[in-house]
1. Can you tell me which of 86-97, 151-162, 36-47 comes out highest on packing, and rank the rest after it, using the mean Cβ neighbours within 10 Å?
2. Please report, to one decimal in angstroms, the Kirkwood hydrodynamic radius of region 8-75 built from all distinct Cα-Cα pairs.
3. Of the peptides 22-28, 126-132, 166-172, how do they stack up when ordered by the mean number of other Cβ atoms within 10 Å, highest first?
4. Semi-axes, largest first, in whole Å: what does sqrt of 5 times each Cα gyration tensor eigenvalue give for region 1-45?
5. How long are the semi-axes of the equivalent ellipsoid of region 53-154, defined as square roots of 5 times the Cα gyration tensor eigenvalues? Whole Å, largest first.
6. May I ask you to compute the full-extension gain from residue 133 to residue 161, defined as 0.36 nm times their residue separation minus their alpha-carbon distance, rounded to one decimal in nm?
7. Can you give me the orientation-averaged projected area of the convex hull built on the Cα atoms of region 114-236, in nm²?
8. Compute the semi-axes of the equivalent ellipsoid of the chain, taking the square root of 5 times each eigenvalue of the Cα gyration tensor, and list them largest first in whole Å.
Amino acid sequence: MRLFALTGAGVSAESGLGTFRDKKREGIWARFDPIKLATPEAFARDPAAVQAFYDARRRNLLGAAPNGAHVALADLERALTAQGGELTLVTQNIDDLHERAGSQRVIHMHGELLKARCLRCAAVSPQRDDLGEASQCPACEAVGALRPHVVWFGETPLRMEEIGAALVSADRFVAIGTSGSVYPAAGFVAEARALGIRTCEINLEPSDNAHIFDERRYGKASEAVAAWAQEIIEAL
Ligand code: OAD
């Protein structure tokens, strides 16, 4: 089996990392304005505010741990690989919890919080500390030119060619913990359907795209993903 899994903020919610949107209006984008914090224009206008927002998220991430959903996906990847199949894990999340749980084939289409990118030389380097005026690029040694290696609104998601190739060669598609409101990721399920790939949604509640999926499972990711992954492993 060649499985394509798309994950979103809901997969990391039980690890204490906030989601962006929820029905109670308590998500990150209900408390913070994305136009002022997650666009290239915002960074040009007020870099300190943007850096402070990502610094706080980075510190939060360093204190977090993977949950049962991350572990179940890593276990499933191992089981599929052992049978000659594969799992391509495309995540909209900028955390590293899939990797820490043991997933090998992870594509971060919205970038990675624990990396910085140099505006002078474009080098991408590991970043665990706060970023600021004094931060120095380890490649070109420019000072104050590092930005978080994340995709902002108005920028193109990363590794889209690889993602497209994995999608067309998949025979199962699952979307986990994503509201289905941000494109291009929100459009993957329709592409999968058009290719005749069986699709499944696992989420706390129906997403904006729920009607498109062949199968829908609702519950906390730590439990719902573990149960779904176990069923797949048993059927191999
Ligand atoms: P959202 O915050 O939009 O959606 C999270 C989804 O997870 C919601 O549908 C919740 O119902 C669900 N959820 C919450 N807790 C859950 C749990 N314990 N188990 C299962 N599901 C749960 O997050 P994304 O869809 O990932 O982009 O958002 C997509 C993009 O929008 C993000 O990558 C980010 C954001 O703006 C950028 O910053 C570029």
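1. 86-97, 36-47, 151-162
2. This gives a value of 13.4 Å.
3. Result, highest mean first: 166-172, 126-132, 22-28.
4. Value: 26, 17, 9 Å, ordered largest first.
5. 30, 15, 11
6. So the chain would gain 6.7 nm between residue 133 and residue 161.
7. The number I arrive at for region 114-236 is 10.1 nm².
8. 31, 19, 17
Every number here is computed from the coordinates shown, using simple stated rules; none is lab data. Since the structure is predicted, the reported quantities are computational estimates derived from the model, not experimental observations. All Cβ positions, glycine included, derive from the backbone under ideal geometry; neighbour counts span all protein chains shown.
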